[in-house]
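Below: one structure, written as structure tokens.
The values are calculated or read from the model by the stated rules, or taken from the named source; none is laboratory data. Just so we're clear, the structure is a prediction, and the values are computed from it rather than from any experiment. Ideal geometry is used to build each Cβ from the backbone, glycine not excepted, and the neighbour counts take in all protein chains shown.
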């Protein structure tokens with residue numbers, strides 16, 4: 001008579017307070033719930049970054065999925081002591097740049113405009129948002145268009161720093177560029193946005 005097999009005890013549900021790094025370790029150990037929790041934790045912030053960077057909702061959704069697929073495949077290569085959030089954004093930014101390069105290689109006969117734009121609060125922080133909902137929506141659309149006309153390298157640094165609060169040092173590591181380059185690109189991005197916005201406002205008068 002064969003002995004009954006001993007089933008391993010199921011792991012408890014991941015704690016909502018578990019760190020990103022703890023959840024990744026649980027995912028590496030085979031806990032699918034930990035991976036799902038990571039996706040939920042970053043689905044809003046990472047999607048907003050990708051949408052603002054790419055300017056198209058469909059492209060942002062595709063890259064979001066690709067980024068987490070890459071994270072799943074590369075989970076075993078995550079180094080102990082490393083921070084998860086910059087690693088995830090590095091993966092996503094690389095995927096987004098690949099998408100932009102692929103887009104540039106195509107031949108377009110007509111220009112496209114992103115629809116259903118997610119709000120970008122670059123001016124809201126300065127208290128510049130008007131009171132009426134329609135006016136706020138129009139202003140956010142204008143901010144989005146200005147961001148999309150910005151050179152890719154400037155837009156990327158501005159998003160990571162301004163919208164997602166990564167430090168200069170973290171951005172330097174994420175983009176693999178010197179710290180001084182990060183600072184100069186951010187300075188140039190802010191100046192570019194300011195000049196473009198002033199020009200846009202003058203054209204309305």
Exercise. Would you mind finding the one in 135, 142 that is at pLDDT 55 or above and assigned to a helix (DSSP H, G or I)?
Key: 142
Quiz prompt | region 156-167 residues that are at pLDDT 90 or above, paired with ones that are in a loop (DSSP other than H, G, I, E, B) (beta carbon under 7 Å, 6 or more apart) | solution = 160/166
